[in-house]
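The values are calculated or read from the model by the stated rules, or taken from the named source; none is laboratory data. Just so we're clear, the structure is a prediction, and the values are computed from it rather than from any experiment. Counting neighbours? That spans all protein chains shown, and the Cβs are built from the backbone with ideal geometry, glycine included. The area values use the complete protein model at the heavy-atom level, side chains included, leaving out ligands, DNA and RNA. Shrake-Rupley method; radii C 1.70, N 1.55, O 1.52, S 1.80 Å.
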Amino acid sequence: MTNTHAILGLMLGSGYGTLPEAWRAPGVNPDNYADIEANIRYAQTAERGGFSFLFVPDFPGVRGDVEHTGVPSVMEPITALTAIAQATSRIGFVATGSTTFQEPFNTARQFKALDVMGHGRAGWNAVTTSDPTVAANYGQGVADRSERYQRAHETIQIVQALWGSWEQDAWVKDAATGQYLDPAKLRPVNLQGQYVASRGPLPIPPSEQGQPVVFSAGGPSPHMLELAGRYASGFIAEVWTIEEGRAQREMVREAARAAGRDPDEIKYFTGLMTTVAPTVRKGLDRRIALSGDVRESRIPHLGAMLGLRLDPARFDEPPTAAELAAAHASPLDPRSSVALAVAREGWSVRDILAHGVIDYHPTVVGPPERHADHLQEWLEAGAADGFWIMPDIYEDGLPAFVDQVVPLLHERGVYPQDYVGSTLRENLGVPHQYGLDPRLG
Ligand SMILES: Cc1cc2nc3c(=O)[nH]c(=O)nc-3n(C[C@H](O)[C@H](O)[C@H](O)COP(=O)(O)O)c2cc1C
């Protein structure tokens, strides 16, 4: 089962880009992290490109190399998206919210309010938060997986029940009779789990799409697949090859089937990191200029991926013919086959790294056609229903994608000319839902 039209999302982070030092790129204002106008500008550009949603990851805490690379996430997803909602009209917004550290009533309230204010464009990426730095900010450690997932099942069910607790025709608004609301249609949920509970009801009316769309993000562990299969309408994935994408997408679809749902109700998104440039050489130079990605300290990692001992003194030379003949893709790292293919094109070790072969997602560097080829190949191979796009530097890399890659996708007939509808559900092609899914029992 493959799709003929791709759905695009944009990963929205701190306001700079996914290259580690994008904040200091030419033309980028280092103030962007604290300036919502930057993210509003990117959301509007993505909307111009017909993107269905913004995906806002969230790891609330200080992680990674903040001294040099900055903070990778927005300051706070819900407040940021509330501002963005006011400055856009079609693009949806999928914010990350923890099922481990947030009370379901808070989550239900914030996301439904965002959905109503944005006229049916909100989604909730429900994550089980396994990061110890984040856990510590809530005064806790990381609980074991079974406990976190049990809490996640309970939380999502309570959130969805609260979303449905204001029935769709509860709001009477009859000034003549003086009846504002039918109290029989604003009902408590009275749910008590092992970890979380709520009485309800939640005093927020339905949005144009009923309620927010639930997403999952992660790998294909049995716990994750069961959770996504039951509740998610979107799955944000991390895979490097078409084969991996096809296999994982099928696992996600099977999980939906096992939960009694139609597998087409869950859309599978793989990541793509982009550097749009007139030539591959110019794209590599753009990435090397920021250096963060291309460091000598990464040579041993690349060597391990290729089964070689690469000499740091030969950073600017390609691996020798003898080395390439001996090279093989390490089975321990799924990115290795991509790294080997790039190495065999004859690039220097520095340039191989600049291709993003050790990045978190597949990376395309170079002309717009290369980007369109990647998206089309993955789509037509059944390896994705859509993609979450991560530009190297938002300020110019996102407009380059929208103005140069999107028209190619249109020409090739693999991307809709315009938004399908006005809500996130319509643009994703997932069914209406209000309250709990009655099929889940
Ligand atoms: C593409 C992708 C995006 C993710 N985004 C987030 C995120 O924004 N916040 C978060 O806490 N975890 C995020 N995660 C982590 C997963 O939700 C999950 O917690 C992690 O894979 C650990 O799995 P576990 O909870 O099954 O142990 C992401 C994972 C992937 C693969």
Handout entry: Ala136 being more than 16 Å from the ligand (Cβ to nearest atom), more than 30 Å from Leu379 (Cβ to Cβ), part of a helix (DSSP H, G or I) and in contact (Cβ under 8 Å) with a residue 60 or more places away in the chain
Key = no
Problem - Residue satisfying all of: in segment 184-205; in contact with a strand residue (DSSP E or B) (Cβ under 7 Å, 6 or more places away or on another chain) and in a loop (DSSP other than H, G, I, E, B); least open to solvent (accessible area, probe 1.4 Å) among these - result: Leu202
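Against the condition of a type in the set (S, T, N, Q), in a helix (DSSP H, G or I) and within 17 Å of Gln44 (Cα to Cα), how does Gln417 come out, does it pass?
Values: of a type in the set (S, T, N, Q): yes; in a helix (DSSP H, G or I): no; within 17 Å of Gln44 (Cα to Cα): yes.
Here the answer is no, as Gln417 does not meet what is asked.
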Fill in the blank from the handout: Here the residues within segment 48-96 that are buried (at least 23 other Cβ atoms within 10 Å of the Cβ), within 14 Å of the ligand (Cβ to nearest atom) and part of a loop (DSSP other than H, G, I, E, B) are Val74
Practice task
Determine, yes or no, whether Leu181 is open to solvent by less than 40 Å² (accessible area, probe 1.4 Å), touching a helix residue (DSSP H, G or I) at 6+ places or on another chain (Cβ under 9 Å) and either free of Cβ contacts under 8 Å to residues at least 24 places away in the same chain or within 30 Å of Arg90 (Cα to Cα) (or both).
Solution key: no
Completion exercise
Output for Cβ contacts, cut-off 7 Å, separation at least six or different chains, first residue touching a residue at least 60 places away in the same chain (Cβ under 8 Å) in segment 359-375, second of a type in the set (Asp, Glu) and surrounded by fewer than 20 Cβ atoms within 10 Å (Cβ to Cβ), reads Tyr360/Glu238; His361/Glu238
Handout entry: Among the residues listed as Arg295, Arg286, Arg309, the single one being within 30 Å of Ala400 (Cα to Cα) and loosely packed, with under 15 Cβ neighbours inside 10 Å
Key = Arg295
Handout entry: Counted residues, segment 242-275 - those being in contact with a Lys or Arg (Cβ under 9 Å, 6 or more places away or on another chain) and either closer than 19 Å to Phe55 by Cα or buried (at least 16 other Cβ atoms within 10 Å of the Cβ) (or both)
Key = 9
Completion exercise
Note on segment 12-47: residues within 29 Å of Leu409 (Cα to Cα), loosely packed, with under 15 Cβ neighbours inside 10 Å and either without any contact (Cβ under 8 Å) to a residue 24 or more places away in the chain or within 16 Å of the ligand (Cβ to nearest atom) (or both) are Pro26, Glu37
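Residues Leu379, Leu332: which one is of a type in the set (A, V, I, L, M, F, W, C) and open to solvent by 20 Å² or more (accessible area, probe 1.4 Å)? Break it down into steps so the answer makes sense when it comes.
Numbers: Leu379 fails: open to solvent by 20 Å² or more (accessible area, probe 1.4 Å).
None of the other options fit; the residue is Leu332.
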Practice task
Could you please find all residues in segment 210-263 being within 21 Å of His374 (Cβ to Cβ), part of a loop (DSSP other than H, G, I, E, B) and within 14 Å of the ligand (Cβ to nearest atom)?
Solution key: Ala237, Glu238, Val239, Trp240
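Results for (1) assigned to a helix (DSSP H, G or I); (2) polar (S, T, N, Q); (3) under 30 Å from Ala22 (Cα atoms), shown as yes or no for each residue.
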residue	(1), (2), (3)
Asp396	yes, no, yes
Phe401	yes, no, yes
Gln404	yes, yes, yes
His410	yes, no, yes
Gly413	no, no, no
Glu426	yes, no, no
Val430	no, no, no
Gly435	no, no, no
Arg439	yes, no, no
Handout entry: Matching residues, segment 139-162, being outside any helix (DSSP H, G or I) and within 14 Å of the ligand (Cβ to nearest atom)
Key = Gln140, Gly141, Val142, Ala143, Asp144
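So which residues in segment 103-133 are open to solvent by 10 Å² or more (accessible area, probe 1.4 Å) and within 14 Å of the ligand (Cβ to nearest atom), if there are any at all?
Filtering segment 103-133 for residues open to solvent by 10 Å² or more (accessible area, probe 1.4 Å) gives 103, 105-106, 109-110, 113, 116-117, 119, 127-133.
Selection gives Val127, Thr128, Thr129, Ser130, Asp131, Pro132, Thr133.
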Problem - Failed item, numbered, when Gly210 is tested on (1) in contact with a Gly (Cβ under 6 Å, 6 or more places away or on another chain); (2) surrounded by fewer than 23 Cβ atoms within 10 Å (Cβ to Cβ); (3) closer than 15 Å to Val430 by Cβ - result: (1)
